[in-house]
Amino acid sequence: MPLRGTLRLSIAVLSLAALCGLTIQPAQADEPKPKPENTITIQLGQPVPPPKFERPLKFWIADVTDRSGNPQPMLVMKERGGVFLDKQPTALVKDALDQSLKAANLLAADAASADIVLRVYLFHFGLASGSVLDFFGKVEFSAMVKNPKTGESLEVRAVGTSIANGAMRKKNMQKNVEENIEAALRDATRNFLRGTQLKDAVGTLAKGSGVVPVAATAPAEPPKPQPR
Amino acid sequence: MRIFTLSLVALMFAIGAAAGPKNEPPQYKTAETKHFTTAEGVELSPAFVDYFYAELRNELTKAKLVKEVIGEGEAVEDADAPKSLVISGAVTEYKKGSVVKSALIGFGAGFRSLKMDADVVRRSDKQNLCVIHIHVKIDPRWNEKVMAKGAAHEMVKEMKKALAEGAKTAAGEATKPS
């Protein structure tokens, strides 16, 4: 009897171990890896023309910091083998802003010669939770717009969204995700450069008057990451 | 007989062409959508408001109501301001619904319900062009984002109708002899 009991116990323990092994192994196997066939290239396309400022100014993007809190920023989609970005989101946002400012001849050669220095904090880049029927692309960032001569700075927020159709085939899905994120990036760049917030901030800082609207006053420290 | 058939086919083509969609250019140049606010007591996640904002912009683009849909806070050329719209609004009521009621009773009982108001104003003079009230109901088992999609679609449909009626009324008043 005791032997039968021990046998039963051993079988139960072994079955449990096997079951655990089975449940853990697929989870590890499902972890997507970046490969050339599941990597997408995000480009801004046409540069976004910024509005005309009161006087010609030169901008410099000091750095772009990722504040999304995402441990895998290059993984935009985990399902179906995953979809990866070819560059870090911070680099993509910097490229988009650089490209647009350069096209409008508003990009300074270096930080020392710039009238306005931008420090960008990226809160979201990629897909956000949407309805199951489509892809919801979102790019959200905030920039500290600083006048290096006076040391004053103001915060400007920008958000870009895009909705693309869902797809059944992996190839179409990847294409739709790529187009969706590109559209969201273009929208966010446009929202930032053509927004009234940037125009007002630049106007206030360029004057160097020190009169800063209370609602738009920049915090002493950079913006904190948003809760996900 | 042959002539009759040909004339019948030609007539059908003519009717089809007349009833088909007109390729008229959009009446307005730009539309700026703002993030909708939520009234006190409305238990919707901030993600819903974000998604609705994106969906409303998407629906406006698809409906070809305006030439260009711009993001919140974007500048518009002064010359385009009289032909530009600003859309803002609020979620006034949201009921989560009940899966049990929906399953046991059916016939729409226990459905999720969402009520929204939107104001469409002209950018240049802030004149209110129309006020839209919509009420959307969906199955409680569906995602709240599906509800946002439905609400955005319904809102743009109502907006298109209201703006077209407003334009007709304005045109009628303009042609009326004094």
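Computed from the coordinates by the stated procedures, all read-outs in this text should not be read as laboratory data. Given the structure is predicted, the values throughout are model-derived calculations rather than measurements. So basically every Cβ, Gly included, is an ideal-geometry build from the backbone, and we count neighbours across all protein chains shown.
Between segment B:130-157 and segment A:101-160, what is the separation of their alpha carbon centroids in Å?
32 Å
For each pair in A:LYS33/A:LYS94; B:LYS62/B:LYS126; A:LYS175/B:LYS126; A:LYS149/B:LYS126; A:LYS87/B:LYS29; A:LYS171/B:LYS29, compute the distance between the two Cα atoms and list the pairs where it is over 32 Å. Before the final figure, lay out the partial values.
Values: A:LYS33/A:LYS94 25 Å; B:LYS62/B:LYS126 25 Å; A:LYS175/B:LYS126 41 Å; A:LYS149/B:LYS126 39 Å; A:LYS87/B:LYS29 36 Å; A:LYS171/B:LYS29 36 Å.
In this structure, A:LYS175/B:LYS126; A:LYS149/B:LYS126; A:LYS87/B:LYS29; A:LYS171/B:LYS29 exceed 32 Å between Cα atoms.
State, to one decimal in nm, how far the label point of B:ALA90 lies from the label point of B:ALA39, with both points 7 Å from Cα in the Cβ direction.
Going by the 7 Å Cα→Cβ label model, 0.8 nm.
First select every other residue whose beta carbon is under 14 angstrom from the beta carbon of B:ARG123; then total the charges, Lys and Arg +1, Asp and Glu -1.
That works out to -3.
List the aspartates and glutamates whose alpha-carbon lies under 12 Å from that of A:LYS58, not counting same-chain residues fewer than 8 positions away?
Within reach: A:ASP98, A:ASP110, A:ASP115.
With N set to the number of residues, divide the alpha-carbon radius of gyration of segment A:86-198 by 2.2 N^0.38 Å and report two decimals. Don't skip to the end; give the middle numbers.
Working: Rg = 16.0 Å, N = 113, 2.2 N^0.38 = 13.3 Å.
In units of the globular-protein estimate, segment A:86-198 measures up at 1.21.
Can you work out the FRET efficiency for the pair B:HIS135 and B:GLU165, with r the C-beta to C-beta distance and R0 = 30 Å, to the nearest 0.05?
Given R0 = 30 Å and the Cβ-Cβ separation, E is 0.90.
Return the subset of A:LYS199/B:LYS145; A:LYS78/B:LYS67; A:LYS207/B:LYS67; A:LYS138/A:LYS170 for which the Cα-Cα distance in this structure is over 26 Å, preserving the input order.
A:LYS199/B:LYS145; A:LYS78/B:LYS67; A:LYS207/B:LYS67
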